[in-house]
């Protein structure tokens with residue numbers, strides 16, 4: 001049974017909080033900031049099926065927080081950063097897999113003497129940089145973005 | 001200079017003033033752009049967001065709002081957050097594969113003799129990678 005106190009949405013919207021208020025399950029009165037930030041960015045009237053509203057509310061809170069942190073790019077800035085990270089990591093993986101294949105072929109070969117690693121790409125030294133997990137990026141972002149939990 | 005009303009003022013059915021906050025970013029030849037944004041955010045929220053920004057950043061803000069609105073229209077439950085979640089999963093997976101590959105490289109670099117004496121069929125065996133990476137750790 002829901003508490004008598006109006007939910008955060010109805011408090012902010014200054015209206016009576018009905019028994020079947022659509023916002024009440026997702027915007028409790030104890031966390032006024034959660035609805036305030038969603039209302040600041042989104043409208044208050046998007047309708048969804050009941051079983052999807054929890055996740056929708058959480059994703060809107062996440063998106064609204066991202067827009068408040070970065071009013072110019074919002075979540076799009078985060079997407080751009082993550083896509084860049086994926087590209088860089090995939091490149092590193094390709095280089096590592098190529099090196100591994102070269103080593104395997106060399107070690108599987110029955111006769112020739114051990115050869116020093118050859119540079120496949122011009123920017124790889126004899127001590128491969130990728131072993132140090134380079135993380136350079138031109139985008140200044142919160143490093144926790146890679147693992148930040150969306151569903152709170 | 002706009003010869004007529006911007007897409008926002010046309011949609012809102014109002015006069016488009018010379019200093020309209022929307023007109024530089026919602027030209028009349030792309031009405032869907034404003035419709036998408038208004039549907040998700042509401043015109044007054046968008047106006048407030050844009051007004052809070054310096055004018056040289058408003059184009060990027062309008063573009064990113066439009067993109068987010070498109071994501072939210074396509075996926076009303078998760079919006080662009082669904083894509084963020086997917087990218088995070090991709091990063092974790094590629095990092096895992098990279099770590100395993102680097103572990104195997106290190107193992108092979110330090111024990112080429114041991115590998116030569118083992119069956120060469122183990123090289124392609126997935127369990128070998130696990131063994132190598134656990135030794136390396």
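No value in this document is a laboratory result; all are computed from the given coordinates. Note that the structure is predicted; figures quoted are calculated from it, not measured. Neighbour counts are summed over all protein chains in view; Cβ atoms, including those assigned to glycine, are modelled from backbone coordinates with ideal geometry.
Given the peptides A:65-75, B:47-57, arrange them by the average over their residues of other C-beta atoms within 10 Å, most packed first. All intermediate terms of the calculation are to be shown ahead of the outcome.
Details: A:65-75: 19.6, B:47-57: 13.4.
My ranking of the peptides, most packed first, is A:65-75, B:47-57.
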Legend entry - Per-residue average of Cβ from other chains inside 10 Å of B:9-18: 0
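Ranked from highest to lowest mean number of other Cβ atoms within 10 Å per residue, what is the order of the peptides B:28-39, B:96-107?
Details: B:28-39: 16.8, B:96-107: 18.9.
Top of the packing list down: B:96-107, B:28-39.
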Legend entry - Rounded Å value of the spacing that divides the Cα centres of the range B:76-104 and the range B:9-24: 42
